[in-house]
Structure formats: C-alpha cells, structure tokens
Amino acid sequence: MNHTVFIEAVIIIIPVLLAGLTFIFVLKKGWLSSLKKPIDRGILWKNKPILGKNKTWLGFLAMSIGAAFYETIIMGFSQLSFSRTAKAALLGLAYSLGELPNSFIKRRYGIAEGKTANASLAKIFFRILDTVDSVIAVSIAARFLYGISFETMIAIILIGSFIHLSTDTLMVFLKLKK
C-alpha cells in the first residue's frame with residue numbers, strides 16, 4: 001500500500017470513526033434517548049425481530065450528522081463545502097446501513113442483540129462480520145462518492161477493520177463495552 005492510498009483512506013475514515021466514538025459516548029450518557037427507537041419498530045418476522053432493539057434511529061442520525069460535523073471540523077470552515085459535508089454524512093449513513101444485514105442474519109440464527117453466537121465457528125464468523133460489515137459499506141460508498149481506487153477501498157477495509165477491532169478491545173478493557 002503506497003503512502004497516497006494510505007492517506008486517502010485515513011482521510012475518509014477519520015470523520016466516520018470520530019462519529020462512531022461520539023455515538024458510543026452519547027449512548028453511555030443516555031443522551032437523545034427519545035431517538036433510541038428501533039428502526040424495525042419491534043416488528044417480528046417468523047417470530048424473531050427483524051433487526052433488533054439496538055438498531056435505532058439514534059445510530060443513523062448520530063453517524064450521519066457526526067461524520068458531517070467532524071468532516072467540517074477537519075476540513076476547516078475555510079474549506080467548507082456542502083458537497084464534502086454531504087458526502088461525509090452519506091459515509092456515516094453507509095456505516096449504519098452496513099450493520100443491518102449482519103443484524104438481520106444474527107436474528108435469524110437466534111443471536112440476541114449485543115450477544116455472540118454459541119458455536120465456536122459461528123462466533124468467529126460473526127466476530128469477523130461485526131468488524132468488517134460497516135467498513136465494507138463505507139468503502140463501497142466512498143467508491144461512488146469520491147471515485148476512489150480499488151486499492152483505496154481495500155485500504156479503508158483493512159485500516160477501518162483494524163481501528164474497529166482496536167477500539168472494541170479498548171472499550172472492553174475500559175469496561176465501556178462487554
């Protein structure tokens with residue numbers, strides 16, 4: 001991976017990462033709880049939740065608005081452009097959308113929200129999927145929004161997955177997450 005690809009990937013990832021960290025902070029503080037309504041409205045499909053109670057409107061809004069906010073801060077108000085801010089918001093939205101198929105599949109297998117699979121192989125599979133699902137969605141969205149190369153997409157997936165796994169591990173260590 002060359003230096004330019006690495007920098008481009010990091011520039012795309014940072015606002016989404018900061019939005020995610022802010023979202024976790026908002027959740028821990030219990031702020032904006034009125035937006036913590038499940039996207040699937042608690043509707044069951046084949047006697048199981050469609051997505052589950054943890055996929056809320058708060059997540060979609062926090063990731064979209066947060067990514068746009070951090071993009072604005074990083075780029076500076078002197079370089080502020082609606083297009084760049086809107087693209088960042090769409091990357092935040094892509095991050096949230098990227099989690100939905102995984103949640104849907106986990107509910108079909110009877111894995112409760114925030115829990116892991118019981119079987120070893122399934123546990124490994126879903127742990128990997130939990131780590132890469134959203135960053136894959138961000139890389140695909142970035143490809144359409146910014147016209148990035150396939151190499152940059154791979155860099156986003158690798159760097160984003162490493163950051164995701166690292167922050168999850170740190171949050172468990174700090175007892176912010178189980």
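The values are calculated or read from the model by the stated rules, or taken from the named source; none is laboratory data. This structure is a prediction, so every number in the text was calculated from the model and none was measured. Because the Cβ atoms are built from the backbone with ideal geometry, glycine has one as well, and the counts that use them run over all protein chains shown. Each accessible area value is taken on the protein alone, full model and side chains, heavy atoms only, with ligands, DNA and RNA left out. Shrake-Rupley method; radii C 1.70, N 1.55, O 1.52, S 1.80 Å.
Tabulated data
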quantity: Any hit, region 6-24, residues being within 19 Å of the chain's Cα centre (by Cα) and open to solvent by 90 Å² or more (accessible area, probe 1.4 Å); calculated: no
quantity: Residue that is within 28 Å of W45 (Cβ to Cβ) and not polar (S, T, N, Q), where the choices are L165, L158, L121, L174; calculated: L121
quantity: Listing of helices (runs of 4 or more DSSP H) fully contained in region 67-178 that carry 1 or more residues being in contact with a His (Cβ under 9 Å, 6 or more places away or on another chain); calculated: 120-146
quantity: Selection count where residues are at pLDDT below 90 and open to solvent by less than 70 Å² (accessible area, probe 1.4 Å), scope region 156-171; calculated: 3
quantity: Single residue of region 33-51 satisfying the filter (out of contact with any Phe, Trp or Tyr (no Cβ under 7 Å at 6 or more places or on another chain) and not in a loop (DSSP other than H, G, I, E, B)) that is surrounded by the fewest Cβ atoms within 10 Å (Cβ to Cβ); calculated: S34
quantity: Residue that is farthest from L91 (Cα to Cα) [pool: residues in region 104-128 that are aliphatic (A, V, I, L, M) and surrounded by fewer than 16 Cβ atoms within 10 Å (Cβ to Cβ)]; calculated: A119
quantity: Inter-residue pairs, beta-carbon under 7 Å, first under 18 Å from I11 (Cα atoms) and in region 157-176, second among the small types (G, A, S), 6+ apart; calculated: I157/S139; I159/A9
quantity: Long-range neighbours under 6 Å by Cβ, at least six apart or interchain, first residue in contact (Cβ under 8 Å) with a residue 40 or more places away in the chain and more than 18 Å from F25 (Cβ to Cβ) within region 40-66, second open to solvent by 80 Å² or more (accessible area, probe 1.4 Å) and assigned to a loop (DSSP other than H, G, I, E, B); calculated: I50/I43
quantity: Residue tally, condition open to solvent by 20 Å² or more (accessible area, probe 1.4 Å) and either part of a helix (DSSP H, G or I) or touching a Ser or Thr at 6+ places or on another chain (Cβ under 6 Å) (or both), over region 52-61; calculated: 4
